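The structure appears right after this line, and notes come after that.
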Amino acid sequence: MARQRNPGASNDPAGGELWNRQGIEIKVFGKSLVDETPLSIMQIVSKGNMICEDDLDFPIYQELLGVISAMGLGLCRIDLGKMALRYKHLGTRFQSPRQFVRSELGGEFFNTDRGPEKPKDIVLYGFGRIGRVLTRLLIAATGPGRFFRLRGVIVRGKGDADDLEKRAELLRHDSIHGPFSGLIDTVSERSELVVNGNRVKFIFADDPSAIDYPSLGFDDVVVVDNSGRWRDRNGLSRHLRPGVSRVALTAPGKGDTPNIVFGINDDKVGDEQSCRAPRARPTPWRRCSRCCPRSTASVTATSKRCIPTRTIRTCWTTTTRRSGAADRRPSTW
């Protein structure tokens, strides 16, 4: 796997480090701590105290987080706020914090074999506003890279150091979505951006036919065309080169190109009959646990896998933005 250690990982909050190293997503009353700064984590904890109407000190969170990081858990989500609240009132019944945490987690949390044998390689065709938003979302959801990894971005241009640095700056600062919360380094001699430890190869080509994926070390690639240059089946078939297994389009398709909306007709992915799937306009998800059935597992849009999780009582809704790619469905309720 083409990854290197994040040079700023030692300064990252423990929640982000657990996610990148082990795929453990830490939440506080439903709010994820991944990619959050120390200041924003303090604000999340303070708001969590208002939600539970109790005073949970930071040492409680730190103690439980230290125990969780040393237990060798598999891919999972843990609501640390709910666990801290129970530990404050029930912790005296246990001999140690580790014993308490072990009693809270079921056996499925210790399954380290969850996931495919090999992660799926993803390549973006285009690096406009949608392409940069997709890059942010993919990097944030990659974690340890067990299910998928962003391997490359195909763009037009000269391919020199100035061009690469310009694209890095566009990824760092966005007028709509704000600054990027991670670290971005440029490796000009290899035409790569190292984004939160993930090596992303920038491929400069004017046409998909000029790209040799096997020579780049890419295999079984999913190409995501966000350029809007082609929107029908014949145009998108240009991407079906050796090493490419599937092509996805971010814009509404034309002709018999299927339009897939997660939660509506996503079961049609890969089905030839999906060409006749109804076209529907996605809307931002605003879902609350008070009006949804409580669950002990959730399915993510990116990998469609089942991950053990803790139920929550609160509602953290998504914010409507200009780009549809940023309207994400909350994965836990």
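Read the figures in this text as sums done on the coordinates, not as results from a lab. Just so it is clear, the model here is predicted, and its values are computed rather than measured. Counting neighbours? That spans all protein chains shown, and the Cβs are built from the backbone with ideal geometry, glycine included.
Expressed in nm to one decimal, what extension gain is obtained for the pair Glu169 and Asp212 from 0.36 nm per residue of sequence separation less their Cα-Cα distance?
Details: separation 43, 0.36 × 43 = 15.48 nm, distance 2.74 nm.
Taking Glu169 through Asp212 to full extension adds about 12.7 nm, to one decimal.
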(request) Would you mind checking which residues have amide H under 5 Å from Lys120's amide H? H placed 1.01 Å from N; only 5 or more apart, or other chain. (result) Phe148, Arg149
(request) List, in the order given, every pair from Lys120/Lys166; Lys31/Lys166; Lys120/Lys158; Lys31/Lys88; Lys31/Lys118 whose Cα-Cα distance in the structure shown is over 26 Å. (result) Lys120/Lys166; Lys31/Lys166; Lys120/Lys158; Lys31/Lys118
(request) Can you tell me the FRET efficiency between Arg229 and Met71 if r is taken as the Cβ-Cβ distance and R0 is 41 Å, rounded to the nearest 0.05? (result) 0.25
(request) Please report the base-10 log of the normalised intensity I(q)/I(0) for segment 120-257, using a Debye sum with one equal scatterer per alpha carbon and no solvent, at each q in 0.09, 0.16, 0.21 (1/Å). (result) -0.25, -0.82, -1.41
(request) Excluding residues fewer than 8 places away in the same chain, name every one of the aspartates and glutamates whose C-alpha is closer than 19 Å to that of Lys254. (result) Asp225, Asp232, Asp266, Asp271, Glu272
(request) Would you order Leu150, Leu216, Leu90 from fewest to most other beta-carbon atoms within 10 Å of each residue's own beta-carbon? (result) Leu90, Leu216, Leu150
(message) Taking amide H atoms as placed 1.01 Å from N in the peptide plane, list the residues 5 or more away in sequence, or in a different chain, whose amide H sits under 5 Å from that of Asp79.
(response) Lys27, Arg310
(request) Arrange Asp54, Asp174 by Cβ neighbour counts within 10 Å, fewest through most, would you? (result) Asp54, Asp174
(request) Order by neighbour count: Phe58, Phe29, Phe148, fewest other Cβ atoms within 10 Å first, most last. (result) Phe58, Phe148, Phe29
(request) Work out the charge dipole of segment 120-257 with +1 on the Cβ of Lys and Arg and -1 on the Cβ of Asp and Glu about the Cα centre, then indicate which of Ala251, Leu138, Gly152 is farthest towards its positive end. (result) Ala251
(request) Place a +1 charge on the Cβ of each Lys and Arg in segment 120-257 and a -1 charge on the Cβ of each Asp and Glu, then give the dipole magnitude about the Cα centre in debye, rounded to the nearest 20. (result) 420
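Rounded if a/c is under 1.5, else prolate if a/b beats b/c, else oblate: with a ≥ b ≥ c from the C-alpha gyration tensor eigenvalues square-rooted, which is segment 9-110?
Values: a/c = 1.72, a/b = 1.04, b/c = 1.65.
Here segment 9-110 falls in the oblate category.
Say R0 is 41 Å: what FRET efficiency, to the nearest 0.05, do Val261 and Phe94 get from their beta-carbon distance? Spell out each step's value before the answer.
On the way: r = 46 Å, r/R0 = 1.13.
Given R0 = 41 Å and the Cβ-Cβ separation, E is 0.35.
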